[in-house]
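Just below is one structure, and these are the notes that go with it.
Values quoted throughout were computed directly from the atomic coordinates according to the rules given, and no laboratory measurement underlies them. Given the structure is predicted, the values throughout are model-derived calculations rather than measurements. Cβ: placed from backbone, ideal geometry, glycine included. Neighbour counts: every protein chain shown.
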Amino acid sequence: MGELAEATGLTVRTLHYYEQIGLLTPSGRSPAGHRLYDAEDEARLYRVGLLRRLGMNLAEVRRALDDPAWDLASAMRAHLAALDARLEATARLRSTVAGALQAGGTDLVAVLEGMTSLEPPAQQRIMLLVYADVGAAHAWLVERFGLLPGELVRDGEGRAVHGEVHAGDGVIWLHPEQDAYRLASPRSVGATTASVAVLVDDVDAHHERSVAAGVEVRQQPVDQDYGYRVYSAYDVEGHLWSFMRSLD
């Protein structure tokens, strides 16, 4: 692996991570158990680098390399739109700085506040839930709650190390337990550690589906004082989910 790192300009740690998420797989192993890589592996890493330079994240890169249905033109259009938005923000920033200089302003704090306000502090909110078995949880959430399946990444030993499910326009990441960061599933600690609220078209129909699927319902559908009809249920490892709809 050291020779491959030297040839590609990547660190050994990066190569280990690529292997962990399934982006790179050794072509074989030596009698001593060392990973072996061939010219095709090196070419794949070169393509990874090119796609990363286009601004793609690793999940998008993996799909581009492995999914026959992936469309380069669509990916490029999406990336172009993101670049245009970044250029617009940069142009606004330049206008603010130029205006401050032209006005002869000396209030540095006011200028900095104006610059900071041009870009939001966050671009997307991602919910993260911890599971002892990410693969089983991914399948359960899709089958029982009807969430849309997203990416499921496995390491070299076949263990699911990252999963994604989609609820409407939101994405929820599924993360394995990790002692170093005190990340534990409710199943392991014996208590609910996270709760998720999802808007649905028909609360009662969703509730009936969950009951039929054997889901443990915590609260039957009820109209709440804050203007939503809600029911709550536990998932396979004990996270509490609330499915709701506005009463308006």
Can you put Tyr181, Tyr37, Tyr228 in order of Cβ neighbours within 10 angstrom, beginning with the fewest? Tyr181, Tyr228, Tyr37
Once you list every other residue whose beta carbon is under 13 Å from the beta carbon of Ala5, what net charge do they have if Lys and Arg are +1 and Asp and Glu are -1? -3
If you count, for each residue, the other Cβ atoms within 10 Å and average over each peptide, how do 39-49, 142-152, 128-138 line up from highest to lowest? 128-138, 142-152, 39-49
Theoretical FRET efficiency, 1/(1+(r/R0)^6), r = Cβ-Cβ of Glu88 and Leu128, R0 35 Å, to 0.05: 0.70
The stretch 124-248 - Kirkwood radius from inverse mean 1/r over Cα pairs (Å): 15.1 Å
Relative contact order of the chain: what whole-number percent is it, with Cα pairs under 8 angstrom and at least 6 residues apart? 13 percent
Whole-number D in µm² s⁻¹ for the stretch 2-66, Kirkwood Cα-pair radius fed into Stokes-Einstein, 4 °C, 1.567 mPa s: 106 µm²/s
Expressed in nm to one decimal, what extension gain is obtained for the pair Asp204 and Val189 from 0.36 nm per residue of sequence separation less their Cα-Cα distance? 2.3 nm
Over all directions, the average projected area of the alpha-carbon convex hull for the chain comes to how many nm²? 20.9 nm²
Ordered by fewest other Cβ atoms within 10 Å, a rough proxy for footprinting exposure, Leu141, Leu50 read Leu50, Leu141
Cβ-derived FRET efficiency at R0 41 Å, Val211 paired with Thr96, nearest 0.05: 0.15
For Thr11, Thr96, what's the fewest-to-most ordering of other Cβ within 10 Å of each Cβ? Thr11, Thr96
Which net charge results when you count Lys and Arg as +1 and Asp and Glu as -1 among the other residues whose beta-carbon is under 14 Å from that of Thr25? -3
Whole-Å distance linking the alpha carbon centroid of the stretch 1-32 with that of the stretch 74-91 is 32 Å
